[in-house]
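Step one of this worksheet: look at the structure below.
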């Protein structure tokens with residue numbers, strides 16, 4: 001006798017597997033590692049410091 005299969009569960013498993021595969025593809029395509037994010041944040045902070053160090057001090061208005 002053949003094993004009975006619940007078609008709703010089968011369909012949901014297939015949808016979950018397809019969604020996970022798409023998520024994995026997007027992670028490879030768009031994702032960045034934690035180290036890359038930290039490096040970019042440190043570079044942005046350094047750029048901001050350099051930019052602010054070149055600003056002129058304004059004379060006080062009287």
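The values are calculated or read from the model by the stated rules, or taken from the named source; none is laboratory data. Computed from a predicted model, the values in this text were never measured in an experiment. We place every Cβ from the backbone using ideal geometry, glycine too, and count neighbours over all the protein chains shown.
A few remarks follow.
- Meets criteria (at pLDDT 95 or above and either assigned to a helix (DSSP H, G or I) or under 20 Å from the mean Cα position of the chain (by Cα) (or both)) for residue 29: no
- From the list 11, 39, the lone residue that is surrounded by 10 or more Cβ atoms within 10 Å (Cβ to Cβ) and within 17 Å of the chain's Cα centre (by Cα) is 39.
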